[in-house]
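Participant: Let me begin by handing over the structure; questions about it come next.
FYI, it's all coordinate maths here, none of it is from the lab. Please read these numbers as outputs of a predicted model, since none were measured by experiment. Glycine gets a Cβ as well: all are built from the backbone with ideal geometry, and neighbour counts include every protein chain shown.
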Amino acid sequence: MRLTKPYRHMAIPPSDYGDGFAARSGKRHLLTALALLAPIFTGVPQALAQQANQPGFDPRQPEKYFENQTERESQSRPPIKLPKIDRPSTGGDAKLQFVLRGISVIGAHAVSRERIAAVYQPYLAKKVSQADLAAISGAISDLYREAGFHLSRAIVPPQDIVDGRVRIQVIEGAIVQAELKGDGVEQFGVRPMLGPVLAEQPSRLATLERQLFLINGRPGVRITDTALEEIGGTTGRFRLIVYLKTWHIFSSFALDNLGSSSVGPWQTYATGAFNSYLAPGDALAVNLSTIANDLRELGFARLSYDAPVGVDGVRLGASVLYSAVRPGDARRLDSDITTTEAFEVRASTVPFLSQSSGLTLTVAGSFSNVSEHDIYGPWYNDHIRTASLTADYRLQDRFGGTNLVTLNYRQGLDVFGASHFGDDLISRNGASSNFSVLNLWFTRYQTLNSAWSLKLSAASQTASRPLFTSQQFYLGGAAFGRGYGCAEISGDNALAGSLELRFDQKLNFRYWTGYQLYVFGDAGAVWNDGYRLSDGLSLTSTGAGVRFFLPYDLQADLGVAVPLSYRAPDNERRSPRFLFTLSSAFRVCPERGRPRCL
């Protein structure tokens, strides 16, 4: 199914904008009437245009790009190598020597006496050897490790055995010192984050994992290696050594042709982030975006700041953004402009975090005003206030896969001048401030062998009622629908998925570190409130390409995508699209402003 008008011509409003324009000037009366009659002349019922939308651009697209960039940056960090200590040898003479009549265990506090007694109970009243005693101490050590006390162990100290009674000593190990190695590490607030590790007696592996991963996720910090040293022989007192790379300034630049024919397609993105300048562990970031070949089509700027609270993963932040979109299609004749002004406050926490899994919860409140006007006056002015809860979950399973799940619930609020149902200047008929939206994103990276892997992605959106245009789900572009322009279709509800097969090869050339060949297929559908999935618009595409990995975080992506189903207004013949992306990152280290610290 197809809609008749991908965008309005000569100030004719899209049919999904509603009929709230009747109170305007006489010329607007006439133009609105023509818009309502247009579907009749084309032989398409007016109701059909309500089932999904063809917006031409997404007013929040740059914002979504930079949010995804932050996620990509955190996911691209190599895994932390956790420190380990050698397990004591459990060997010994297997010759039976005496009858074991009792065992005295000293130094055991973290594990109950009953659990320890169950280990050596089968050996009592039997002849035992040195190997048996070593096995008993090894089993007690295993009890501690199973309970998470990774530095604790049991030993059989030198002793004179009298009346078949043996003494076993448990050394409940703890990390009592921390040594940080790297340039400027004290400026990033790393040492206080190891406080929970140093305070724990005995040490738990879960606490060490959590704090190391929290440090590795701090802006401008990356752990390159770790080590443990026992202080003064068999004392159970350990020194933790953490090797770090740090950078105060992070900048990135990207250029791609994944925009739309209305806004784009050549779009640029730039980021500048300043880490641990105002406070240890904070981040001040500036994001900018525009159209490479026509700066007037898009101007986007966002300023964000967040800082840690304590050492347990709590962060507070805020951001403000402004964007102005002037479509380069027929709307330019009427000097059409869509502006977005938004402010957000947020707080996040990390309930659990380990090498295999992690969960981050974020609550946020946002205030946004999205409006469109041209030479004839305003088309709409949405005032949107929302509260949201986001859960980001990561799981590495035993099948060689990494799963990333994001669940977001967004609730519209009727506060601070929010737009109401029936207001004249709203972007969608039926839209109201008290909407509810549930979004789900899922990605799985599946390793097949050393060279081959799969990336499986899916997304959905469910809305409680008609949404303002900026709150809809957009299909087409980088995530789903690479064979189409950005924001080719949109709707209140959505379902999308993609599958990408990858082949990676590392190279040892000075200016070329590797490449990745890939083939993909994707599909998606959108439909508006009150309709079913089968009533909406859908698109599918397939393609292939190659990604080049170059030194200093420089990457290039060349590909071809072929539309398979939906016929876009600017590509009725479904011709293949050439895809191009070029991105780079630049970091400045804290000492002497030295660049390229990673």
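Participant: Any chance you could tell me what percent of the C-alpha pair distances in the range 211-250 go past 11 Å?
Facilitator: 68 percent
Participant: Near the amide H of Leu467, under 5 Å away, which other amide H atoms are found, from residues 5 or more places off or on another chain, if H is placed in the peptide plane?
Facilitator: Asp529
Participant: Within 13 Å, Cβ to Cβ, of Ala525, how many net charges do the neighbouring residues add up to if Lys/Arg are +1 and Asp/Glu are -1?
Facilitator: -3
Participant: If I fit a long axis through the Cα atoms of helix 26-41 and take the longest principal axis of the Cα atoms of the chain, what angle between them do I get, 0 to 90°, rounded to 10?
Facilitator: With rounding to tens, the tilt is 80 degrees.
Participant: If you average the alpha carbon positions of the range 180-255 and of the range 379-446, how far apart do those two centres end up, in angstrom?
Facilitator: First find each Cα centre; the distance between them is then 35 Å.
Participant: Next question. Averaging sequence separations of C-alpha pairs under 8 Å and six or more residues apart, then dividing by the length of the range 500-598, give the relative contact order as a whole percent.
Facilitator: 20 percent
Participant: So what is the 222 nm mean residue ellipticity for the chain from helices alone, if each DSSP H run of at least 4 adds -39500 (n - 2.57) and you divide by all residues, rounding to the nearest 500 deg cm²/dmol?
Facilitator: After summing the helix terms and dividing by the residues of the chain, the value is -4000 deg cm²/dmol.
Participant: Here's a follow-up. Chymotrypsin sites (Phe, Trp or Tyr not before Pro), restricted to the range 362-468: which are DSSP loop and have at most 11 other Cβ atoms within 10 Å?
Facilitator: Passing both the DSSP loop test and the Cβ count: Phe399, Phe416.
Participant: To check you understand DSSP bridge types, tell me what percent of the beta bridges within the range 356-471 (both residues inside) are antiparallel, rounded to 5.
Facilitator: 100 percent
Participant: Sticking with this one: Name the long-range amide H neighbours of Tyr380: under 5 Å, sequence gap of 5 or more, or other chain; modelled H, no Pro or chain starts.
Facilitator: Correct list: Glu372.
Participant: Please work out the Cα convex hull volume for the chain and give it in Å³ per residue.
Facilitator: Cα convex hull per residue, to the nearest whole number: 183 Å³.
Participant: Measure out, as a whole number of angstrom, how far apart the alpha-carbon centroids of the range 499-519 and the range 84-131 sit.
Facilitator: 53 Å
Participant: How are the C-alpha pair distances of the range 56-137 spread across 10 Å bins, as whole percents from the shortest bin up?
Facilitator: For the range 56-137, the binned pair fractions read 13, 25, 17, 9, 10, 11, 10, 5, 1 percent.
Participant: Under the Karplus relation 6.51 cos²θ - 1.76 cosθ + 1.60, θ = phi - 60°, what is the ordered set of whole-Hz ³J(HN,Hα) values for the range 206-216, x standing for Gly and Pro?
Facilitator: Running phi through 6.51 cos²θ - 1.76 cosθ + 1.60 with θ = phi - 60° gives 4, 5, 5, 4, 4, 5, 5, 5, 5, 5, 5 Hz.
Participant: Treating the beta-carbon of each Lys and Arg as +1 and of each Asp and Glu as -1, no other charges, what is the dipole magnitude of the chain about its Cα centre, to the nearest 20 debye?
Facilitator: 1300 debye
Participant: Kindly write out, for the range 96-106 in residue order, the coupling ³J(HN,Hα) from the Karplus curve 6.51 cos²θ - 1.76 cosθ + 1.60 (θ = phi - 60°), rounded to whole Hz, with x marking Gly and Pro.
Facilitator: Residue by residue, the range 96-106 yields 5, 10, 7, 8, 7, 10, x, 10, 10, 9, 10 Hz.
Participant: Kirkwood-based Rg over Rh for the range 98-171 (C-alpha set), two decimals?
Facilitator: 0.95
Participant: Right, something else. Count the net charge of all other residues whose Cβ sits under 9 Å from the Cβ of Asn434, scoring Lys and Arg as +1 and Asp and Glu as -1.
Facilitator: Around Asn434, the charge tally is 0.
Participant: What do you get for the angle between helix 61-75 and the principal long axis of the chain? Use alpha-carbon atoms, 0 to 90 degrees, nearest ten.
Facilitator: 10 degrees
Participant: Which value, in Å³ per residue, describes the convex hull spanned by the Cα atoms of the range 500-598?
Facilitator: Hull volume normalised by residue count: 160 Å³.
Participant: Which whole-number value in Å³ per residue fits the convex hull of the alpha carbons of the range 356-471?
Facilitator: 124 Å³
Participant: From Cα pairs below 8 angstrom and at least 6 apart in sequence, can you work out the relative contact order of the chain, rounded to a whole percent?
Facilitator: The value is 11 percent.
Participant: Let me know the whole percent of all Cα-Cα pairs from the range 459-526 that are separated by more than 17 Å.
Facilitator: Every Cα pair in the range 459-526 considered, those over 17 Å come to 54 percent.
Participant: Over the range 98-171, what is the relative contact order in percent, taking alpha-carbon pairs closer than 8 angstrom and at least six residues apart?
Facilitator: For the range 98-171, the relative contact order is 45 percent.
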